[in-house]
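Chemist: Okay, here's the structure, questions in a sec.
The values are calculated or read from the model by the stated rules, or taken from the named source; none is laboratory data. Computed from a predicted model, the values in this text were never measured in an experiment. Neighbour counts are summed over all protein chains in view; Cβ atoms, including those assigned to glycine, are modelled from backbone coordinates with ideal geometry. For accessibility, only protein heavy atoms count, side chains too; no ligands or nucleic acids. Shrake-Rupley method; radii C 1.70, N 1.55, O 1.52, S 1.80 Å.
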Amino acid sequence: MGGTREMKDTAQKDFIAFPDIAADTINALLYQGKALTDAGNLCAGPTETIYQGKEKLKGQYEDLCKYELIDGKVRLMYLIANQTAVDGKMLLRKAGYTGGAYREQYEGKMQDIFPVIEIVLYWGEPRWRSSRNIRRLFAKRKFPEGAWDYIDDLKLHVYEMRHLSPEIRERFQSDMRIIVDFLAEGSDYRSDRKIMHKAALIRMIRVLSGESDTEDIEDWLCQKGIREEDEVTVCELFDQYVKQGREEGWEEGKAEGKAEGKARQLVEDIENTMNFFHVTLEKACESLGITVSRYEEAKRIY
C-alpha cells in the first residue's frame, strides 16, 4: 500500500513540476485564465522546511515549491499540495508550510521577503467538505466575546480537480487541460489536443485511474515509436493503447484458434478501456459499441 501511494504521489509531483504546467495551473485557478505567471519566470524552490518536534527537529515536505522571479528577485512563492483524500486538518498543515517559509525569510535565509501562496489540488472523488477557514474549523468551540477579532483568518484554497466546471477547465492551455477533461468526461472524452509531456501524462492518467504499475510507460512509448518530441494527439495515443490489446489478442489467437483469438481481442479491448479511463464495464462497452452480453460471452470463450 505504501509503495502504491508513493508512486501516485511521485506521478502527481512530477507532472505538476513542469514549468508550463505549473504556470498554467496557477493562471487557470488563481488568475481566471489570464497569463499573469510565465513559465520562464518560475524556478524550483526547496520543498522541505524544519519545525521543532517533541524531542528533535523534524522536516515537513510540500509537494511543489516554485519561486516567481522578476528582474532577478523573488516576487512570489507558490506552494502546491496534492491531496487524494480529504484531510480535516489540512488547514493546520498549511499554517506549518507557510509559517516555515516565512520563518526562513525572518531568519535571513533569503535575500528578500515575499508573500507565500499555497493551493491544494484535490484529486479525490468525494467532495471536499472539510474546513477551508479558521472560523469553520473552530465553529463548535466557545470563545470569549470579541476573541474572533484577534484570531487570524487563515484560509485554505482547495481546488477539486475532478469537479471543475467547464468554464474553469477551458482556461487550461497545457497538458493539465487533458487531465481535467479526462476526469470530468471519462470514457466520453475525445480530443485532438497535442500532448507535450507524454510519459508524464500517461503516468498521471494511470494513477488517477487507480493503477499502481507505471514503470513500463517509457518502454511502451519506445515500442510504439513515440518520442517525447513527436506531435501526438490524445486520440492517437489512446488508439495506440487500445491497439496494443488487439495486437496481443491476435498474436495469442494464432496459437489458440480463430474464435478464441477474437474473443481475447474483444475482452482485452474492453478491459484496456476500463483500466485506462477508470470506468465501469457498462461504460467501456458503450464507448466501443459492444454489448455487455457480448463481452460476457467472449469472456467465457477466452
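Chemist: Which value, in Å², gives the accessible area per residue of segment 77-140 when a 1.4 Å probe is used on the protein heavy atoms? If you can, show how the numbers build up before the last one.
Modeler: On the way: 3440 Å² over 64 residues.
About 54 Å² of surface per residue is accessible.
Chemist: Within the set Lys89/Lys283; Lys66/Lys198; Lys8/Lys140; Lys66/Lys94; Lys13/Lys94; Lys34/Lys66, which residue pairs have Cα atoms separated by over 25 Å? It would help to have the intermediate numbers written out before the result.
Modeler: Details: Lys89/Lys283 36 Å; Lys66/Lys198 22 Å; Lys8/Lys140 35 Å; Lys66/Lys94 16 Å; Lys13/Lys94 17 Å; Lys34/Lys66 18 Å.
Going by Cα-Cα distance, Lys89/Lys283; Lys8/Lys140 fall outside the 25 Å limit.
Chemist: Just grab the label-to-label distance for Val86 and Gln223, each label 7 Å out from Cα along the Cβ direction, in nm (one decimal).
Modeler: So the label points at Val86 and Gln223 sit 4.1 nm apart.
Chemist: Mind checking the full-extension length gain between Glu282 and Lys155? Use 0.36 nm per residue of separation minus the Cα-Cα distance, one decimal, nm. Before the final figure, lay out the partial values.
Modeler: On the way: separation 127, 0.36 × 127 = 45.72 nm, distance 4.12 nm.
Length gained, Glu282 through Lys155: 41.6 nm.
Chemist: At 1.4 Å probe size, with the rest of the protein present, what percent of the exposed accessible area of segment 152-241 is carbon and sulfur atoms? Each step should come with its number before you reach the end.
Modeler: Values: 1860 of 4340 Å².
Taking all protein chains in place, segment 152-241 shows 43 percent carbon and sulfur surface.
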